[in-house]
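The values are calculated or read from the model by the stated rules, or taken from the named source; none is laboratory data. Here the structure is a predicted model, which is why all the values come from computation and not from measurement. So basically every Cβ, Gly included, is an ideal-geometry build from the backbone, and we count neighbours across all protein chains shown. These accessible areas exclude ligands, DNA and RNA; they are computed on the full protein's heavy atoms, side chains included. Shrake-Rupley method; radii C 1.70, N 1.55, O 1.52, S 1.80 Å.
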Amino acid sequence: MSRARIFVRGVVQGVGFRPFVYNLARSLDIKGYVVNTSGGVIIEIEGNNSKTFIEELQNRCPPLARIDSIDVREHSFKGYVDFSIIQSLDLKDDENTALIPPDVSICDDCLKEMFDSSDRRYLYPFTVCTNCGPRYSITRSIPYDRPNTVMSVFNMCDKCLEEYNNPISRRFHAQPNSCNKCGPQLQLHIQNQRFKKSENIEPLRDLINTLKQGGLIAVKGIGGFHLCCDARNEEAVERLRINKKRGNKPFALMSPDIALIRQYCRVSAEDEKMLNDNRRPIVIMRKRDDAEGLSDGVAPNNAYLGFMLPYTPVHYLMFYYPFESRSSRLSPHFHALVMTSGNLSEEPIVSDNEEAVAKLSFADAFLLHNRDIFMRVDDSLVKASNMNGLDSESKKDFADIQFIRRGRGYTPDAIELLDEGPDVLACGADIKNTFTITKGCHAIVSQHIGDMENLETIRFFEESLNNLKQVYRAEPAAIAYDAHPDYLSSKWALNYGSRYAVQGYGIQHHYAHIASVMAEKGIKGRVIGVAFDGTGYGEDGNLWGSEFFVCDLKGFARAAHFRYIPLPGGEMAIKECWRTAVSYLKDALQRMERLAEMRSILDSIGFIQRYGAETINNIINLAGNNNLSPLSCGAGRLFDAVAAITSVCDYNSFEGEAAISLESALQGSMVNICD
């Protein structure tokens with residue numbers, strides 16, 4: 001008889017993997033041990049059923065686990081007398097690292113306990129087990145053990161400790177384990193005196209009453225704060241939009257179940273799968289034509305809504321907290337709540353209690369708790385590949401969802417690459433920034449960082465980067481950045497490279513788009529790549545964004561693009577897209593030798609009346625000034641121009657608003673054709 005030493009790499013910490021291994025070994029009369037290390041999980045086994053153990057290890061691993069590799073080596077027999085979980089090891093000389101799992105929603109078992117009046121965790125808002133709850137947002141370092149998480153300050157009571165040490169318990173080695181006696185607690189601070197507290201001083205009861213009265217609540221969650229109000233209250237929604245400086249950007253919504261979401265949206269089979277997934281993203285879906293009840297201010301001029309289901313115990317309690325008796329869930333208090341990121345416009349999501357009270361001071365109340373958020377992470381935003389609002393029963397590849405914002409539930413999931421390589425940092429661009437670090441054969445994509453236009457976002461970028469570098473022990477040997485010379489992310493990369501003597505590489509924006517798809521799909525050969533975008537710095541000094549490339553791993557050749565047109569006033573034309581419309585009309589009429597008709601055409605579409613003849617004349621002249629009107633071929637600018645000419649949208653209060661409004665205006669006729 002020999003001893004097998006097994007090294008398992010992948011998402012195998014924080015997902016109940018050691019308890020699974022322990023119980024599997026005991027069921028097969030296997031002796032030895034299992035231990036978390038900074039590089040993965042090591043298992044040593046002895047016994048007649050060792051071969052079966054290794055097979056079952058791969059076939060029956062926990063639902064949140066993902067095995068990337070198993071290395072088995074034979075050693076001499078040692079004579080273990082039992083099987084145990086031993087203290088974690090930090091293998092500082094191991095180049096490989098364990099992968100941190102993302103935060104996931106509360107599981108059905110914990111949810112059932114929370115609404116069971118006979119259970120000791122009845123209505124406890126931090127109920128968690130091995131199969132659910134926060135991971136990435138609470139992990140300071142690996143190995144993933146309680147001392148390396150923000151839960152280290154909470155000492156488990158006797159009952160929680162008994163569960164933690166009980167191999168048959170669902171909370172066996174669940175690092176965030178706690179209860180009302182020993183764990184985090186909620187507090188409600190009401191700032192606006194018009195919302196009175198109840199005599200019982202119950203945080204969730206008072207929160208629900210405040211929402212019903214039209215209050216705005218800042219709610220501390222897993223990865224940061226949400227700003228919350230009743231989505232059916234027009235005054236509350238409008239007050240939130242004004243105070244958050246949101247423009248017309250849509251708000252995210254949360255409903256307690258899919259049946260209620262169906263009252264407002266056309267929910268396809270694929271949408272339903274994404275909504276129910278334990279990652280709980282915000283899913284963008286087509287509005288129902290007959291939908292009623294929601295405030296119009298939730299998503300102005302938009303044919304789509306973004307909904308998610310509750311994913312924390314607090315969320316479920318906000319909808320179902322029992323007022324009258326110790327009972328199970330009754331009918332929900334709200335059909336839909338606005339759950340938008342807790343931040344001011346263009347700043348990162350707030351995660352600290354004191355910072356929230358200072359920055360979100362317009363909120364009427366704050367629902368706080370004393371569990372720290374180590375790594376802030378925003379909600380993920382996704383859509384189905386079929387956006388016509390039709391059922392897609394025949395679509396089988398659920399994994400092929402489209403990310404609009406990658407965050408909670410998906411970060412820091414690693415993308416497996418075909419080959420191993422040196423540690424590389426890719427800094428991303430300035431708009432909707434995310435960065436990526438590579439380690440071995442994995443690419444780890446950060447959570448959504450935001451627009452790199454202020455000090456707060458730069459600090460968030462550095463905070464997230466330092467955490468992932470530390471966790472994955474990555475020290476970049478090269479750094480990639482956007483070739484645009486004025487991007488803050490590019491300037492940051494050049495400064496980093498100079499400070500740490502790391503070679504930098506400027507990458508053309510649209511080539512990076514296409515190359516990232518090639519990497520994710522494992523394509524090494526030559527491809528035709530098409531990238532439609534708003535803006536990207538081109539090799540000719542102009543603004544690209546309608547690119548047809550022939551690409552491989554070594555570079556690209558630009559085969560075609562849309563016609564260049566001037567952007568009168570540069571960045572101002574991107575905001576005030578009617579300026580771009582004037583430029584497109586001038587260019588088209590000039591090529592048709594009909595420029596003399598321009599003013600009459602502008603008058604016929606209402607531009608002269610809206611903006612004045614003198615202003616229009618100035619924009620026409622400005623379009624001819626190459627120094628003040630850079631050339632652009634971006635597809636986004638074409639959409640802007642069409643939206644303005646058709647009077648759908650002439651000003652972008654947020655990025656892409658004109659294109660979204662245009663799509664929404666056209667969607668009805670497009671769907672009718674499909675029907």
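Kindly indicate which of 591, 558 is open to solvent by 60 Å² or more (accessible area, probe 1.4 Å) and modelled with pLDDT of 95 or more. Reasoning before the result, please.
Numbers: 591 fails: modelled with pLDDT of 95 or more.
Of 591, 558, the one residue that is open to solvent by 60 Å² or more (accessible area, probe 1.4 Å) and modelled with pLDDT of 95 or more is 558.
Scanning the range 4-41 for residues that are at pLDDT 90 or above and open to solvent by 10 Å² or more (accessible area, probe 1.4 Å) returns 5, 7, 20, 22, 23, 26, 27, 28, 29, 31, 33.
Each row is one residue, and each column tells you yes or no for (1) within 30 Å of residue 62 (Cα to Cα); (2) at pLDDT below 95; (3) of a type in the set (A, V, I, L, M, F, W, C).
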residue: 188; (1), (2), (3): no, yes, yes
residue: 197; (1), (2), (3): no, yes, no
residue: 203; (1), (2), (3): no, yes, no
residue: 215; (1), (2), (3): no, no, no
residue: 226; (1), (2), (3): no, no, no
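For residues in the range 456-481 being hydroxyl-bearing (Ser, Thr, Tyr), open to solvent by less than 10 Å² (accessible area, probe 1.4 Å) and more than 11 Å from residue 446 (Cβ to Cβ), which is modelled with the lowest pLDDT? Quick ask: steps written out before the conclusion?
Our first condition is that a residue be hydroxyl-bearing (Ser, Thr, Tyr); within the range 456-481, this holds for 457, 464, 472, 481.
From what's left, open to solvent by less than 10 Å² (accessible area, probe 1.4 Å): 457, 464, 472.
Filter once more, keeping what is more than 11 Å from residue 446 (Cβ to Cβ): 457, 472.
On the way: 457: 93, 472: 83.
Result: 472.
Being of a type in the set (A, V, I, L, M, F, W, C), in contact with a Cys (Cβ under 8 Å, 6 or more places away or on another chain) and open to solvent by 10 Å² or more (accessible area, probe 1.4 Å) is the filter here, so list the residues in the range 107-119 that pass it. Spell out how you get there, then give the answer.
Step one: filter the range 107-119 for residues of a type in the set (A, V, I, L, M, F, W, C), giving 107, 110-111, 114-115.
If we keep only those that are in contact with a Cys (Cβ under 8 Å, 6 or more places away or on another chain) too, we end up with 107, 110.
Within the range 107-119, 107 is the sole residue that qualifies.
The residue that is modelled with the highest pLDDT, counting only those in the range 43-91 that are in contact with a Pro (Cβ under 7 Å, 6 or more places away or on another chain) and surrounded by 16 or more Cβ atoms within 10 Å (Cβ to Cβ), is 64. Output yes when any residue across the range 221-242 is closer than 21 Å to residue 406 by Cβ, under 21 Å from the mean Cα position of the chain (by Cα) and part of a helix (DSSP H, G or I), and no when none is. No, the range 221-242 contains no residue that is closer than 21 Å to residue 406 by Cβ, under 21 Å from the mean Cα position of the chain (by Cα) and part of a helix (DSSP H, G or I). In the range 484-530, the qualifying residues are those that are among the basic types (Lys, Arg) and within 20 Å of residue 443 (Cβ to Cβ), and the one that is surrounded by the fewest Cβ atoms within 10 Å (Cβ to Cβ) is 521. Remark: residue 323 matches the filter, which requires a residue to be of a type in the set (Phe, Trp, Tyr) and modelled with pLDDT under 95.
Every condition in (1) closer than 23 Å to residue 481 by Cβ; (2) out of contact with any Gly (no Cβ under 6 Å at 6 or more places or on another chain); (3) touching a residue at least 40 places away in the same chain (Cβ under 8 Å) holds for residue 518 except the one numbered (3). Could you grab me the full set of residues in the range 120-165 that are open to solvent by 40 Å² or more (accessible area, probe 1.4 Å), out of contact with any Phe, Trp or Tyr (no Cβ under 9 Å at 6 or more places or on another chain) and in a loop (DSSP other than H, G, I, E, B)? Correct list: 120, 131, 155. Scanning the range 531-543 for residues that are in contact (Cβ under 8 Å) with a residue 40 or more places away in the chain and within 24 Å of the chain's Cα centre (by Cα), we see that the one that is surrounded by the most Cβ atoms within 10 Å (Cβ to Cβ) is 536. Every condition in (1) touching a helix residue (DSSP H, G or I) at 6+ places or on another chain (Cβ under 9 Å); (2) open to solvent by 70 Å² or more (accessible area, probe 1.4 Å) holds for residue 621 except the one numbered (1).
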